[in-house]
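Please read the structure below before turning to the comments.
Values quoted throughout were computed directly from the atomic coordinates according to the rules given, and no laboratory measurement underlies them. The model shown is predicted, which means the values in this text are computed figures rather than measured ones. Note that we place each Cβ from the backbone using ideal geometry, even for glycine, and neighbour counts take in every protein chain shown.
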Amino acid sequence: MATTEEKINTEQTGNEIEGHEIEDEAIDDVKLTEEELKELEKIIEENKGQRGVLINVLHKAQKILGYLPREIQVRVARGLDIPFSKVYSVVSFYSLFSTNPRGKYTIEVCTGTACYVKGAEDILKKLKNELEIEPGETTDDKLFTLETTRCVGACGMAPVVIIGDDAHGRLTVEDVPKLLEQYQ
Ligand code: FES
């Protein structure tokens, strides 16, 4: 049975998405350092010529900068010798891939029912005010990306906020500034 990646590939084969054909001039939004470039080339080299490796390659490539700017997508397409449209489709399809810069820490505010009832909305509002960003955005200093999430399975600790790998529970609005300080 065809994998999702293969299905997406099949749908897009020979059907370049308008405005996203590979062009030399296109590789100018982000400049990778020599070291980052080497790392990317190594990832591509290790997977070249194999089938069904695109998601894995993109996953590893995303770790280089924390997201997948156009330059990386184009280089992956060229390196694996596949149309840019395939890479673009896979990146757009999977939520685990981001085309925007991410902060060092992702703050996930649980907005599931238990957390909502215990004041998640107020916590989110306070976070938005403190960080001056909306969910989906990253602070200018690239420290935090704010997100909302569904129940994370810790309802007993509601309201819950996850920062990086840490879960913080039973939070109040007053706790928020101190919480952020821990990561600055
Ligand atoms: S609703 Fe937030 S942890 Fe379950």
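Test of understanding: ordering F97, F144 by Cβ neighbours within 10 Å, fewest first, what list do you get? All intermediate terms of the calculation are to be shown ahead of the outcome.
Working: F97 17, F144 24.
Arranged by neighbour count, lowest to highest, F97, F144 become F97, F144.
Compute the relative contact order of the stretch 105-181 as a whole-number percentage, counting only Cα pairs closer than 8 Å that sit 6 or more residues apart in sequence.
Values: 124 pairs, mean separation 31.3, N = 77.
This gives 41 percent for the stretch 105-181.
Ranked highest first by the average count of other Cβ atoms within 10 Å around their residues, in what order do 115-122, 73-80, 173-180 fall? Present the calculation step by step, with values, prior to reporting the outcome.
Working: 115-122: 17.8, 73-80: 19.5, 173-180: 14.1.
Sorting 115-122, 73-80, 173-180 by mean packing, highest first, produces 73-80, 115-122, 173-180.
Arranged by the count of other C-beta atoms within 10 angstrom, fewest first, what order do H168, H59 take? Don't skip to the answer; put the middle values down first.
Working: H168 18, H59 14.
Exposure proxy ranking, most exposed first: H59, H168.
Counting only residues 5 or more places away or on other chains, whose amide H sits under 5 Å from the amide H of T106 once H atoms are built in the peptide plane?
Those qualifying (amide H under 5 Å, at least 5 residues apart or on another chain) are T145, G164.
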